[in-house]
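Enquirer: Here it is, the structure in full.
The values are calculated or read from the model by the stated rules, or taken from the named source; none is laboratory data. What you see is a predicted model; the values in this text were computed from it and never measured. Every residue, glycine among them, receives a Cβ derived from its backbone with ideal geometry; neighbour counts consider all protein chains shown. Ligands, DNA and RNA are excluded from the accessible area calculation, which covers all protein heavy atoms including side chains. Shrake-Rupley method; radii C 1.70, N 1.55, O 1.52, S 1.80 Å.
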Amino acid sequence: MSKTLSGVIAAVATPIDDNGAPDFKRAVSLARYLLDNGCDGLNVLGTTGEATSFSLDERKAVMDAYKANGLPLQRLMVGTGAAAVSDAVALTRHAAELGFAGALVLPPFYYKGVPDDGLVAYVDTLVKATERKPIPIYLYHFPAMSGLPWHVALIERLLETFPTRIVGLKDSSGDMAFARAAANVAPDFAVFPSTEACLIEARSGAFAGCISATANLNADLCARAWSQGDTAALDAAVSIRKLFDGKPLVSGVKALLAHIHSDAALARVKPPLAPLSAADRTAIIAGNDAVRAKRVA
């Protein structure tokens, strides 16, 4: 297994073509841009990447495109969780065969209130299915979307049961107390809060870094905070993140990406998401441009 990831990781958006399919050329271009401009790694096909809106074949094809175009897969984790265990197995095996640095695994999210035994069995199936190529597994904790938490006692049980395979967790709950508790489960358990606001705390060793949707937009600032402890840069990065408070995050990120890269196609989203309203788009662009106009010493 490869070394665990760390640092500034963008939950990278998935560009979409005019037929509603993944736009591989734009996806590769965006990924390369982010890796060259502040990101230590990328989280491919997560929530910001609209993974659950794509078919199994589409998700595999996105992975294939990153591989075929020579992106450094040792810096990329990929979302492989699914409601159907067989789909999660197929995606996780594919990620392992291609050489991705990790599989980010949502719990199987349709049935709610399931016992921990069921979730352990789900992980056990993934572990056994990838024994030949044992890709590191990161748990994806996003109970507001999945309805199922990877709670602390369950994390402890999974680490005891699969000590060489479960390496970390992305925490999109927004509950920093949970993130700290999860990080304290084991010294080498890599926890990534979903906000760049944690980066100074992460530098102290509390977390492995962050996995953020808005790192699509402010990775250069996040990199200065992570590598240099630059609080002014972090304040600017967080100001950009706050532009999305109360607004649809994925369509908002994509709208601002379209503005930053002067490419309207980057604003496309997959149903059931809808494009950002004109008013929200104007407000976000104006806010971003105002932050960027200020010199960050």
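Enquirer: Label Ala181 and Ala61 with points 7 Å out from Cα along Cα→Cβ: what is the distance between them in nm?
Expert: Taking the simple label geometry, Ala181 and Ala61 are separated by 4.3 nm.
Enquirer: Average projected area of the Cα convex hull of the chain, in nm²? Kindly include the intermediate steps, with their values, before the conclusion.
Expert: Working: hull surface 56.5 nm².
Its Cα hull, projected and averaged over all orientations, spans 14.1 nm².
Enquirer: From Cα coordinates alone, what are the radius of gyration and Dmax values for segment 143-184 in angstrom?
Expert: Radius of gyration, then largest Cα-Cα span, for segment 143-184: 10.5, 28 Å.
Enquirer: Something else now. Multiply the residue separation of Ser29 and Ala283 by 0.36 nm, subtract the distance between their alpha-carbon atoms, and state the gained length in nm to one decimal. Could the numbers behind the result be given before it?
Expert: Values: separation 254, 0.36 × 254 = 91.44 nm, distance 2.64 nm.
Residue separation times 0.36 nm, minus the Cα-Cα distance, leaves 88.8 nm.
Enquirer: OK, next. Tell me, what % of the accessible area of segment 202-274 is carbon and sulfur with a 1.4 angstrom probe?
Expert: Values: 1450 of 2810 Å².
That share works out to 52 percent.
Enquirer: Kindly report the accessible area of the chain per residue (heavy atoms of protein chains, probe 1.4 Å, no ligands, DNA or RNA), in Å². Spell out each step's value before the answer.
Expert: Working: 12330 Å² over 297 residues.
That works out to 42 Å² per residue.
Enquirer: Further, regarding this structure: What per residue convex hull volume, in Å³, comes out for segment 1-99 when only alpha-carbon positions are used?
Expert: Working: hull volume 9.4 nm³, N = 99.
Considering the Cα atoms of segment 1-99, their hull volume per residue is 95 Å³.
Enquirer: Among the listed pairs Lys25/Lys242; Lys133/Lys270; Lys25/Lys247; Lys67/Lys247; Lys170/Lys247, which are separated by more than 25 Å between their Cα atoms?
Expert: Numbers: Lys25/Lys242 30 Å; Lys133/Lys270 32 Å; Lys25/Lys247 28 Å; Lys67/Lys247 33 Å; Lys170/Lys247 22 Å.
Beyond 25 Å: Lys25/Lys242; Lys133/Lys270; Lys25/Lys247; Lys67/Lys247.
Enquirer: Could I ask something else about it? Near the amide H of Val78, under 5 Å away, which other amide H atoms are found, from residues 5 or more places off or on another chain, if H is placed in the peptide plane?
Expert: Val44, Gly102, Ala103, Leu104
Enquirer: Give the Cα extents of segment 47-113 along the principal axes, in whole Å, largest first.
Expert: Sorted from largest, the Cα extents of segment 47-113 read 41, 21, 19 Å.
Enquirer: Next question, about the same structure. Ignoring ligands and nucleic acids, what accessible area does His141 show with a 1.4 Å probe (Å², nearest 10)?
Expert: 10
Enquirer: Multiply the residue separation of Met145 and Asp36 by 0.36 nm, subtract the distance between their alpha-carbon atoms, and state the gained length in nm to one decimal. Before the final figure, lay out the partial values.
Expert: Working: separation 109, 0.36 × 109 = 39.24 nm, distance 3.09 nm.
Taking Met145 through Asp36 to full extension adds about 36.1 nm, to one decimal.
Enquirer: From the C-alpha gyration tensor of segment 242-297, pull out the three semi-axes of the equivalent ellipsoid (sqrt of 5λ each), sorted largest to smallest, in whole Å. Kindly include the intermediate steps, with their values, before the conclusion.
Expert: Working: eigenvalues 88, 32, 15 Å².
They are 21, 13, 9 Å, listed largest first.
Enquirer: Would you mind giving the three semi-axes, in whole Å and largest first, of the ellipsoid equivalent to segment 119-194 according to its Cα gyration tensor?
Expert: Values: eigenvalues 84, 37, 23 Å².
Values for segment 119-194, descending: 20, 14, 11 Å.
Enquirer: For the pair Val114/Ile260, report the inter-label distance in nm, with labels modelled 7 Å from Cα in the Cβ direction.
Expert: Each label point is offset 7 Å from its Cα along the Cβ direction, giving 3.5 nm.
Enquirer: Restricting to DSSP H runs of at least four residues, report the calculated mean residue ellipticity at 222 nm for the chain, -39500 (n - 2.57) per run over all residues, nearest 500 deg cm²/dmol.
Expert: Details: 12 runs with 135 residues, N = 297.
Theoretical 222 nm ellipticity from helices: -14000 deg cm²/dmol.
Enquirer: Longest exposed-loop-site-free stretch of the chain, with chymotrypsin sites (Phe, Trp or Tyr not before Pro), DSSP loop and at most 12 other Cβ within 10 Å? Can you show the working numbers first?
Expert: On the way: sites that count: Tyr110, Tyr111.
With chymotrypsin sites (Phe, Trp or Tyr not before Pro) excluded where exposed in loops, the chain gives 112-297 as its longest stretch.
Enquirer: What aspartates and glutamates sit close enough to Lys294 to cross-link, taking a C-alpha to C-alpha distance under 16 Å and skipping anything fewer than 8 places away on the same chain?
Expert: Asp220, Asp230, Asp235
Enquirer: Still on this structure: Can you spot the aspartates and glutamates whose alpha carbon is less than 20 Å from Lys60's alpha carbon? Ignore those fewer than 8 places along the same chain.
Expert: Counting by Cα, and skipping residues close in sequence, Lys60 has these aspartates and glutamates nearby: Asp17, Asp18, Asp23, Glu50, Asp87, Glu97, Glu131.
Enquirer: Here's a follow-up. What is the calculated FRET efficiency for Ser227 to Thr4, with r their C-beta to C-beta distance and R₀ = 30 Å, to the nearest 0.05?
Expert: In this case the efficiency is close to 0.95.
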